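All remarks here apply to the structure that follows.
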């Protein structure tokens with residue numbers, strides 16, 4: 001059976017203290033489970049770092065042949081992912097956060113769903129009854145559930161968790177997702193992918209995960225983020241009719 005190739009993009013912004021350690025953990029995991037040379041890459045997508053992040057990423061790429069670096073001149077997770085995926089030649093593209101909050105063995109499930117079960121897109125969910133969330137504050141839990149409730153009511157979607165930083169898709173469907181509305185330069189791009197995929201009727205795999213919150217590294221400001229998400233939801237809803245025609 002054909003072994004599908006894949007690129008895992010890790011978007012980073014000023015992550016010099018932990019970048020090398022985390023990428024080496026991910027690299028070791030992938031090399032153990034996918035030993036075939038040339039099957040996969042880790043793409044570090046630096047979106048506007050002002051510390052030594054990019055230099056460290058280049059050093060990692062120099063010693064680890066499966067690591068590549070993409071430099072994005074300005075901030076934006078969505079922009080980093082679009083830049084990386086737009087340059088990819090892999091069968092599967094996707095991303096995970098540098099903190100590796102989602103347990104790495106879940107990637108094996110995601111890969112199987114795409115490569116062996118004909119799913120188009122896989123998303124991790126922390127809000128499924130079978131998911132296990134460790135260390136998350138009540139404030140962040142309420143904010144997450146509130147955001148996803150709004151998504152369901154306002155955009156008419158059914159997926160359980162729009163924002164978890166662990167999603168993978170067949171690269172062949174990415175141009176359609178982009179053309180039909182998954183274009184945001186910021187964090188909302190993650191939600192756009194699922195929303196547009198659902199509106200298009202793509203085959204979506206929901207993956208309940210074990211997820212550990214790294215509270216010490218969180219930079220999320222909930223109120224400004226909520227305001228921006230509401231604006232982004234409004235813009236995306238305007239495209240709903242376009243997607244369905």
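The values are calculated or read from the model by the stated rules, or taken from the named source; none is laboratory data. The shown structure was predicted, so the numbers you read here are calculated from the model rather than taken from an experiment. Note that we place each Cβ from the backbone using ideal geometry, even for glycine, and neighbour counts take in every protein chain shown.
Considering only segment 175-214, state which residues are in a helix (DSSP H, G or I) and buried (at least 20 other Cβ atoms within 10 Å of the Cβ).
Passing the criteria: 177, 189, 190, 191, 192, 193, 194, 195, 196, 197, 199.
Could you name every one of the helices (runs of 4 or more DSSP H) located completely within segment 48-141 that has at least 1 residues being out of contact with any helix residue (DSSP H, G or I) (no Cβ under 9 Å at 6 or more places or on another chain) and in contact (Cβ under 8 Å) with a residue 24 or more places away in the chain?
It comes to 77-87, 106-115.
Looking at segment 107-145, which of its residues are over 18 Å from residue 213 (Cα atoms) and over 19 Å from the mean Cα position of the chain (by Cα)?
Within segment 107-145, 116, 117, 118 qualify.
Does residue 180 qualify as being out of contact with any strand residue (DSSP E or B) (no Cβ under 9 Å at 6 or more places or on another chain), under 25 Å from residue 90 (Cβ atoms) and at pLDDT 80 or above?
yes
Starting from residues that are surrounded by fewer than 19 Cβ atoms within 10 Å (Cβ to Cβ) and touching a helix residue (DSSP H, G or I) at 6+ places or on another chain (Cβ under 7 Å), keep the ones in segment 17-47 and report whichever is nearest to residue 100 (Cα to Cα).
20
Could you tell me which residue of segment 131-143 is modelled with the lowest pLDDT, considering only residues that are closer than 12 Å to residue 223 by Cα and surrounded by 15 or more Cβ atoms within 10 Å (Cβ to Cβ)?
140
For segment 32-43, does any single residue satisfy the condition of being outside any loop (DSSP other than H, G, I, E, B) and out of contact with any strand residue (DSSP E or B) (no Cβ under 7 Å at 6 or more places or on another chain)?
So far as segment 32-43 goes, yes, one or more of its residues are outside any loop (DSSP other than H, G, I, E, B) and out of contact with any strand residue (DSSP E or B) (no Cβ under 7 Å at 6 or more places or on another chain).
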